[in-house]
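Asks: Dropping a structure here in structure tokens format, bear with me for questions.
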Amino acid sequence: MAKTNIAQVSLQLYELLSSLDKDERTKVIQATLILFGDTEAGPTKPEGGNSNQNNNTDDEGSVNDPKKYFELKDPKNKGEELAVAARYRELKEKVEVHTKEDLKKIITDARRNFDSGNFGRDITNARSQAGFFSKGTGKGTEKLSYYGQNFIDALPDRDAAKKLSRPVKKPSKKKTKSSKAKTKK
């Protein structure tokens, strides 16, 4: 296997990170190291010792604090909020199956509004339109899909998240009135 040229990789990283401010660059680099397993998620302190961050924060936007995790991931709609809450539970609580009440607790702990009356619609949209959740996980339970997990992990980098290959939607097998009329003729 050919060894990658470190200078080229460094130049590519510089180009990718140059548009970010110092704090954002630090978060991206630390999160990448965590993804590789090269460092553990934990409190970060800038050189010099004093940190103005809360001690329960970490590089993934604080897996210990849902509010900071949501701030880092910056979901743009209800489906993304539900997926961020599910991913938070996977990372913090090491669970893969989520109920409405589980997601509601994380979202409200993150100081966001939870619309109980429209949860069914929102989770259906997050599952069928966005592809964030898997189908057939059981009544009243939801499981983040592979795509949903990768999408949330890519945030806040929307360009990287949009480049992920989305799940393929299968066409509906329901017959419409016009197709029924055609088969009778």
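Asks: Give me the pairs: first residue in the stretch 1-30 and closer than 16 Å to L72 by Cα, second residue modelled with pLDDT of 80 or more, beta-carbon distance under 6 Å, and six or more apart or on different chains, which are they?
Replies: Once the first residue is closer than 16 Å to L72 by Cα and sits in the stretch 1-30, its partners that are modelled with pLDDT of 80 or more give R25/L17.
Matching residues to (1) at pLDDT 80 or above; (2) at negative phi:
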{"residue": "E15", "(1), (2)": "yes, yes"}
{"residue": "I29", "(1), (2)": "yes, yes"}
{"residue": "G37", "(1), (2)": "no, no"}
{"residue": "N52", "(1), (2)": "no, yes"}
{"residue": "E60", "(1), (2)": "no, yes"}
{"residue": "P66", "(1), (2)": "yes, yes"}
{"residue": "E71", "(1), (2)": "yes, yes"}
{"residue": "N77", "(1), (2)": "yes, yes"}
{"residue": "V84", "(1), (2)": "yes, yes"}
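Asks: Looking only at the stretch 115-122, decide whether some residue is surrounded by fewer than 18 Cβ atoms within 10 Å (Cβ to Cβ) and over 17 Å from E81 (Cβ atoms).
Replies: No: zero hits.
Asks: Within the stretch 122-148, restricting attention to residues that are basic (K, R) and either out of contact with any helix residue (DSSP H, G or I) (no Cβ under 9 Å at 6 or more places or on another chain) or not in a helix (DSSP H, G or I) (or both), which residue is modelled with the lowest pLDDT?
Replies: Checking each candidate, the answer is K135.
Asks: Right, next: Give all pairs with beta carbons closer than 9 Å in which a residue from the stretch 148-171 that is in contact (Cβ under 8 Å) with a residue 60 or more places away in the chain meets a residue that is of a type in the set (S, T, Y) and in a helix (DSSP H, G or I); count only pairs at least 6 apart in sequence or on separate chains.
Replies: That search, which allows pairs on different chains as well, returns I152/Y88.
Asks: I've got another one for you. When the residues of the stretch 118-166 are narrowed to those that are acidic (D, E) and within 13 Å of the chain's Cα centre (by Cα), which ends up farthest from V97 (Cα to Cα)?
Replies: D157
The values are calculated or read from the model by the stated rules, or taken from the named source; none is laboratory data. Since we're looking at a predicted model, the values are computed, not measured. Positions of Cβ are generated from backbone atoms using ideal geometry, with glycine treated the same way; all protein chains shown enter the neighbour counts.
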